[in-house]
Each structure stands twice: as C-alpha cells, then as structure tokens.
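In what follows, a structure is listed as structure tokens, so that the remarks can point back to it.
The numbers here are math on the coordinates, done by the rules we state, and not lab data. In this text the structure is predicted, and so the values were computed from the model without any measurement. FYI the Cβ positions are ideal-geometry reconstructions off the backbone, even for glycines, and counts take in every protein chain you see.
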Amino acid sequence: MLYASGDGNEQDADFDAFIATDVDFSDSMIFQENMTSDDYFAETPYILDKGYFMNKLQLDHKLAANITVSGMMVYNRLAEDIALADGSCSKDLGLEFGSKVSYFPHPSLELSAEAAYLASGDAMDALEETALQDGKSDQDIVHVAGRVRYKF
C-alpha cells in the first residue's frame, strides 16, 4: 500500500500535499512503467496535485532456478477528488492487472517481459484531451515491455 497526500483545494493559496524530493518506487506498470529503462523508478509518488493511493497484491513464483513469474493486481486511486468536465468528481484511476516473467539463461544475462492492463476509472477522464472529457474514462490502457539486460 502506498499513500501520498494531495491538495484538496487548488483554488486557495495553500499547497497542502506531499512533495517528494527523492522517492524511488516502481509498483505500477501503468503509472511508473517499470521496464522502460535499465532500472526506472518514479520519483514523484503522486499524480498532478491530487496525491496517490495505491493498493497492490503481487505474487511471485520461482518456476525453476532461473525462471520467475509474477502476477499482480493494483487498485489505483487519487488521494483527493479531481473535477471532471461534466461537473462531477472522482478519485478512481482504475484497476490494473499485470504479469511478468524473468529468465536467466546465464547468471549475468536476464531476458524478461511484462504486460499490464488498466481498466480505467472515471478519474482518468480528467487526463484525456479536453474535447473528449465526458465524465467517464473512454480508454483502458495496455502496457507491454521487454528487456535484455547483461550485467558485468
């Protein structure tokens, strides 16, 4: 579980939210994009000024000495409501499902792949283009990545 507070009133002069200086985490394949670089970590555990509240369940299983598979489910929410174009508010970013497989044919060589799917919640509508905002998220998100990593 991860919680970073958000600003509940963007109209006032106070910014009442968590501001990160250096927080490294990579728990959501959709919002932090784990494998896009050698070891990418997000440094801001919040979205816009609304904070972030994540609940994650992950299971890892070692199939063999050199093969590991993982499955995860993440419920992504904002800490504070975000205003939608239809006048309503929402915190729900969506439910994310993901899996990963890592294979080590040699101790210093890793081949891995991951895939994730986000069933977008209503708060994702605020991140769409203004012309498309209707109070309900129109797009689910699919993320697929792979890497070959050699350590020396």
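Side notes on the structure shown:
- If R0 is taken as 41 Å, the Cβ-Cβ distance between Ser88 and Val144 corresponds to a FRET efficiency of 0.80.
- Within the range 92-119: backbone nitrogen closer than 20 Å to the Lys151 label point (7 Å, Cα to C-beta): 100-114
- Distance in nm between pseudo-label sites at Leu127 and Met1 (7 Å out along the Cβ direction from Cα): 2.3 nm
- Among 91-97, 120-126, the order from most to least packed when residues are scored by Cβ within 10 Å on average: 120-126, 91-97
- Using a Förster distance of 41 Å, the FRET efficiency for Leu109-Leu48 (Cβ separation, nearest 0.05): 0.55
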